Amino acid sequence: MSKRLQVLFPDDQMREIRRVAKVEGVTVAAWVRRVLVDACREHPYETVEAKLAAVREGAAYSFPTADIDQMLSEIAQGYEQDIEE
C-alpha cells in the first residue's frame with residue numbers, strides 16, 4: 001500500500017529541486033522518492049557495531065552440530081516418524 005507524504009519547501013529550495021529533477025530527466029516526485037530511499041540506506045536500522053556485537057555473542061556459544069547432509073537426513077527421518085504416528 002502506498003502512503004502520501006506532503007513536504008513544504010520554501011520557493012527557492014523548490015526551484016532547485018525542480019531544476020535538479022529536470023536535469024536528471026525525472027519528475028520531482030520520482031527524484032524525491034529516490035533521494036529519500038538513498039538516505040534511508042545510508043542510515044540502516046541497526047548500526048554496524050550492534051550487528052557485530054550480535055555476531056560476536058552468537059559466536060561465543062558452542063553447540064553440537066553435524067555434517068549438513070547428516071542433519072538434513074535426521075530432519076527428514078523426524079518428519080517421516082511424525083507422518084507414521
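To keep it simple, each residue is scored yes or no on (1) of a type in the set (S, T, N, Q); (2) under 29 Å from the mean Cα position of the chain (by Cα).
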| position | (1), (2) |
| --- | --- |
| V23 | no, no |
| W31 | no, yes |
| E49 | no, yes |
| Q70 | yes, no |
Residue in the stretch 10-20 that is at pLDDT 90 or above and part of a loop (DSSP other than H, G, I, E, B) present: yes
In the stretch 33-60, the residues that are at pLDDT 90 or above and basic (K, R): R33, R34, R56
Hits in the stretch 38-54 - residues which are aliphatic (A, V, I, L, M) and either surrounded by 10 or more Cβ atoms within 10 Å (Cβ to Cβ) or not in a helix (DSSP H, G or I) (or both): A50, L52, A53, A54
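Which one of these is of a type in the set (S, T, N, Q) and either part of a helix (DSSP H, G or I) or in contact with a helix residue (DSSP H, G or I) (Cβ under 6 Å, 6 or more places away or on another chain) (or both): S73, S2? Give the steps one after another, and end with the answer.
Details: S2 fails: either part of a helix (DSSP H, G or I) or in contact with a helix residue (DSSP H, G or I) (Cβ under 6 Å, 6 or more places away or on another chain) (or both).
Exactly one of S73, S2 is of a type in the set (S, T, N, Q) and either part of a helix (DSSP H, G or I) or in contact with a helix residue (DSSP H, G or I) (Cβ under 6 Å, 6 or more places away or on another chain) (or both), namely S73.
The values are calculated or read from the model by the stated rules, or taken from the named source; none is laboratory data. If you're wondering where the values come from, they're calculated on a predicted model, not measured in any experiment. Virtual Cβ from ideal backbone geometry, glycine too; neighbours counted across all protein chains shown.
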